[in-house]
1. Relative contact order, percent, of segment B:30-116 when contacts are C-alpha pairs under 8 Å separated by at least 6 residues?
2. So what is the 222 nm mean residue ellipticity for the protein assembly as shown from helices alone, if each DSSP H run of at least 4 adds -39500 (n - 2.57) and you divide by all residues, rounding to the nearest 500 deg cm²/dmol?
3. Would you mind getting the Kirkwood hydrodynamic radius of the protein assembly as shown from its Cα pairs, rounded to one decimal in Å?
4. Using a Förster radius of 25 Å, what is the FRET efficiency between residue A:132 and residue B:151 based on their Cβ-Cβ separation? Nearest 0.05, please.
5. Take residue A:114 and residue A:90, extend 7 Å from each Cα along the Cα→Cβ direction, and tell me the distance between the two endpoints in nm.
6. Take chain B, connect every pair of alpha-carbon atoms lying under 10 Å apart with a spring to form a Gaussian network, then pick out the residue of B:18, B:38, B:85 with the largest mean-square fluctuation.
7. Most exposed first by the Cβ proxy, i.e. fewest other Cβ within 10 Å, how do B:40, A:2 rank?
8. Say a label goes 7 Å from Cα toward Cβ at residue B:39 in every copy; what distances in nm does this one have to the rest, shortest first?
DNA sequence: CCCGAATAGTTGAATGTTCAACAAAAAGGC
DNA sequence: GCCTTTTTGTTGAACATTCAACTATTCGGG
């Protein structure tokens, strides 16, 4: 049965809009910097990071999708793009013939290593430098609560 | 002169990744719900909201871009799309012959009114229900600090 | 063992976004 | 008033993401 909408009160409205504006602006800023300095969007940078952290710098497509929070389709397209850039290569999975492994090439690793300092500096300048240590802690708790809540049933 | 990169410590790393995951998942969830229930992405919903709040439900393209935090190009494309959907109309600006006004049609208003309860409910369920009142307050302060910081020189 | 269901990944089309280039009008210095 | 600069908005191409459809393989019950 349809119930009354639980509208946002003015404080909630203000919070919601502030969050929208802040997260959008932050991501767009970092995206633009990364595009300018490393020739790739942030989503692609994340893929390279996750691969660089994996054993032998390789991961199943499905795990990579999980880690980067992207759909399989999106990852397929992205890896195709990264492959033509020479930063990633695909290999057959030895244990599952449906599977594919994505692996970071030397060139991809070098590109990542070159991009990382500038990007990390950006994250620090645009995010951490704006917040007190207490706020950083709060943001972590809030984010983890959110992720937790969103991944429920 | 090039200086040492200020790398993220483990806590900062955890915070950054948690924030990334949470904000991305939240936006994707709301986007999917809105697409399913109202046939439009969240960015378009925001355009309709801002128009609905403006005097006479009309705004200059540049103001609308500012309010929705989008580039002029993006807004041009979006409004073109909303126009073919019949939700928005364009008009010449009487005071500036370069200008265009975007205005919400009756049909657009009705669509927005139909979509709003479901969307607001989604925001409440996915965001506010996950946080304590104190955390909501913290999130507002953090977001405002961030926006403030990002809009500096 | 076999068959239906679930899983892994890709594909192409439709949709959104970005970027650079552009045209038109307004602003502003002198 | 004239000329440069700035502002306003659009355009098309390149790029990225979503969605639904599809193939291939593995899993799991009987």
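1. Values: 103 pairs, mean separation 26.3, N = 87.
Across segment B:30-116, relative contact order equals 30 percent.
2. Numbers: 12 runs with 202 residues, N = 306.
Here the helix-only value at 222 nm equals -22000 deg cm²/dmol.
3. Working: mean 1/r = 0.0466 Å⁻¹.
Computed over Cα pairs of the protein assembly as shown, the Kirkwood hydrodynamic radius comes out at 21.4 Å.
4. Values: r = 19 Å, r/R0 = 0.75.
After rounding to 0.05, the efficiency reads 0.85.
5. 2.6
6. B:18
7. Values: B:40 22, A:2 5.
So the ranking, lowest neighbour count to highest, is A:2, B:40.
8. 4.3
Throughout, read-outs are computed from the coordinates displayed, never taken from laboratory work. For clarity, every value in this text was computed on a predicted model and none was experimentally measured. Virtual Cβ from ideal backbone geometry, glycine too; neighbours counted across all protein chains shown.
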